[in-house]
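Notes follow once the structure below has been shown.
Where a number appears in this text, it was derived from the coordinates with a stated rule and is not lab data. Only a predicted model underlies this, so the values are computations on that prediction, with no experimental measurement involved. Positions of Cβ are generated from backbone atoms using ideal geometry, with glycine treated the same way; all protein chains shown enter the neighbour counts.
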Amino acid sequence: MSHHGVGGVASVDFQLDEFERAAALLGRAEDGLFTAGQVLAMALADGAPPVAGGGLLQSRAAEDHLWTAQCLASEVADRLAACRSRLQASRAAYEEAEREAARAAFRLRSATLFEGLAAEMAANHGHPNRQTTEDLINAAPGYALAWLSTGGDPASAPAARATWGIVARLVADRDHGGPFQAGLAERLASGLVGLAILRQLLNLRSIHVESVSTSAPEEFATPLAEVMELQRRAEAPVSGEGAVLVTTTQTSAGTVHILTLPGTQPARDWRTSARLNPFDDGGIAEGVGLGSPFVADAAADALREAGAHPGDRLVITGYSQGGIHAANLALDPDLAAEYDVQYVITAGAPIGGTPLPDSVRGLHLEHVDDMVPGLDGRPNPRTGNQVTVDLRGYAPGTEMGAGGFGAAHQLANYSHLSRELATSTDPAVVEARAALGAVFAGATTATVTTVTLRRGPTKPERRFKRKPLRAPLARGLSGSTRH
């Protein structure tokens with residue numbers, strides 16, 4: 001189990017996918033011994049090897065040694081197979097135990113969810129926190145259906161509560177006691193976005209490059225601090241609407257590019273169909289419902305405009321909506337075929353339904369009072385290559401009554417709190433920090449290319465399908481700060 005956080009959260013460093021790695025190592029050793037046993041058996045079948053200058057006794061001794069080695073190889077291979085089987089069974093047992101513990105905790109929280117919601121929102125400046133948001137997404141449909149099934153009469157509240165457990169299990173995912181592998185939020189988002197496209201309520205079209213500008217070389221210091229500063233620069237008040245940044249630096253191992261994707265930039269006028277900013281509200285729909293196909297194409301164009309070459313290493317970062325796209329881009333086969341995607345960094349983004357490939361490391365910053373990371377309705381993937389860090393507290397001078405999604409979701413707050421990671425002694429945070437530092441080892445300067453994107457029919461439209469409902473990776477209490 002592994003919980004990581006900033007603000008005094010204890011850490012226990014253990015990850016369930018270590019079972020899988022150990023089982024894989026045992027499997028390779030088992031295969032090697034099996035092969036060795038086969039070679040020895042073939043040698044014995046061909047007769048005892050000749051012994052130069054020896055006699056019959058030496059030939060028989062050599063044959064006995066071969067038999068002994070063959071038997072030993074087979075015995076050890078059988079023991080390794082049994083050990084591997086027990087490891088796999090242990091992982092399955094741990095996973096199921098933790099899943100059942102999560103279900104029980106969810107049922108307990110849901111029993112009083114709505115009674116305590118008003119008090120919690122008052123304490124959290126008018127917003128539910130991350131955990132409550134996840135619970136609301138998973139519990140509210142069941143409550144609503146149960147309420148309707150009992151007539152919607154206030155007097156039927158006890159009956160509705162009794163019915164809720166049954167109804168909830170019909171629509172929930174496995175982590176919440178239901179039959180579905182995909183989370184409820186994922187299924188709802190995919191269905192709603194597909195319906196909106198069919199009804200022509202969303203204007204999702206391909207994205208093209210409108211303008212490009214590159215800075216003079218700048219100092220490049222601490223990687224995470226630079227990433228958060230670039231995230232600030234990518235926002236509309238600094239770089240303009242629809243801009244992404246491609247930061248290029250030379251390291252001791254070659255060129256590295258940082259692709260920085262901004263948060264949501266709300267449309268100025270909901271009535272117009274000519275909404276050209278790819279990161280407006282429609283961009284959220286593209287990310288959660290389709291898997292960011294147009295943003296992926298535009299990202300590849302932006303990288304080429306910035307001078308990136310096939311095979312270059314790539315770090316993708318994003319805040320809020322940008323984090324949704326960042327995680328999706330790490331799974332895009334065309335981008336992965338052209339660049340070596342090494343790291344994804346997100347802040348305040350709901351990416352629980354998007355497990356990264358094993359070859360890509362992930363660092364996810366989430367404030368415990370921020371409702372936005374809870375909109376996916378589930379914890380982030382808990383694997384050895386992804387670390388989620390819980391942030392607590394607020395930057396000095398933060399406007400606690402901020403509108404929108406509240407103070408906890410502000411990028412400035414994430415930037416301020418992320419500085420604490422530089423001194424964190426949590427094992428997983430230390431490892432993630434070291435891995436990020438290794439990517440940028442030797443970097444001293446960088447150039448920043450600002451690429452402004454616009455959505456419109458200036459290039460052939462990409463045929464897309466709705467975002468596939470990905471089966472989550474193993475979800476034990478590992479590689480995550482959540483508890």
Interchain or sequence-distant (5+) residues whose placed amide H lies within less than 5 Å of the amide H of D370 are R130
Rounded to whole Hz, the Karplus (6.51, -1.76, 1.60) HN-Hα couplings of the stretch 431-442, x for glycine and proline: 5, 5, 5, 5, 5, 5, x, 5, 4, 9, 4, x
The stretch 206-455 - convex hull of the alpha-carbon atoms, volume per residue in Å³: 123
Quick one: which residues, 5+ away or cross-chain, put their amide H under 5 Å from the amide H of D312? H built at 1.01 Å from N. D340
Determine, for F440, F106, the number of other Cβ atoms within 10 Å of each Cβ, and report the residues in order from fewest to most. F106, F440
Between A216 and T35, what length comes free when the chain is fully extended (0.36 nm per residue of separation minus the Cα-Cα distance, one decimal in nm)? 59.3 nm
Proxy exposure order for R392, R313 (fewest C-beta within 10 Å first) is R392, R313
Please pull out the direction-averaged projected area of the stretch 285-342, using the convex hull of its alpha-carbon atoms, in nm² to one decimal place. 3.6
How much of the DSSP beta bridge set in the stretch 206-455 is antiparallel, as a percent to the nearest 5? 50
Most exposed first by the Cβ proxy, i.e. fewest other Cβ within 10 Å, how do T249, T449 rank? T449, T249
